[in-house]
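Just below is one structure, and these are the notes that go with it.
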Amino acid sequence: MLDPTGIFDLPNTSLIFWEIITFLILLFLLWYFVFPPIRDQIQQRQQSIEQAIDEAEQTRSEARELLEEYRQQIREAREEAREIREEARREGDQQRERAKKEAREESDRIVQRAREEIQRERESALREVRQEVAGMVIQASEQILGRSIDHDEHERLISEALDELETEVAGAGAGDGR
């Protein structure tokens, strides 16, 4: 039977047969020699990519851990710095209070010494004034009385004059607002 299309022409079938056989041999050679190295290469590449992904994930995980560790260290450092500042502030306050207290105490000592010195000077001045007044009272008394005064009379007159003088001095000192 002849095929009007010419595809299944039996007398010319040998060419198609050999083309199919050649194609199948080519496929077998490609499948046996070419495809396995390509497949192995693809598998190696896939494994290296998976390994790189795993390493990247591990590196990312380590980076996250390091980042958290650094953040913790920064928090601790900030807390330590805050504590150091607070301690320095407390020590500064304590030292300032100590300095104030020492200054007050020194001021009080100076004022007390000045008061004591003033009191000594006052007493010394009063002694000098007493002696001068006593001498003047004796002279005035002797002139007024026209005679010499005995020791008891002398002491009594001096005491009275000094008492009057102290009363006047105390009254003048109180009047000054001192």
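Quick notes on this structure:
- Check on Q72, over 30 Å from A161 (Cβ atoms), assigned to a helix (DSSP H, G or I), within 40 Å of the chain's Cα centre (by Cα) and not aliphatic (A, V, I, L, M): yes
- Some residue of the stretch 105-123 being over 30 Å from L165 (Cβ atoms), surrounded by 10 or more Cβ atoms within 10 Å (Cβ to Cβ) and among the basic types (K, R): yes
- Some residue of the stretch 89-112 being part of a helix (DSSP H, G or I) and in contact (Cβ under 8 Å) with a residue 40 or more places away in the chain: no
Any read-out appearing in this document is the output of simple, stated calculations on the displayed coordinates, not a laboratory observation. None of the values given here were measured: they were computed from a predicted structure. Positions of Cβ are backbone-derived with ideal geometry, glycine not excepted, and every protein chain shown enters the neighbour counts.
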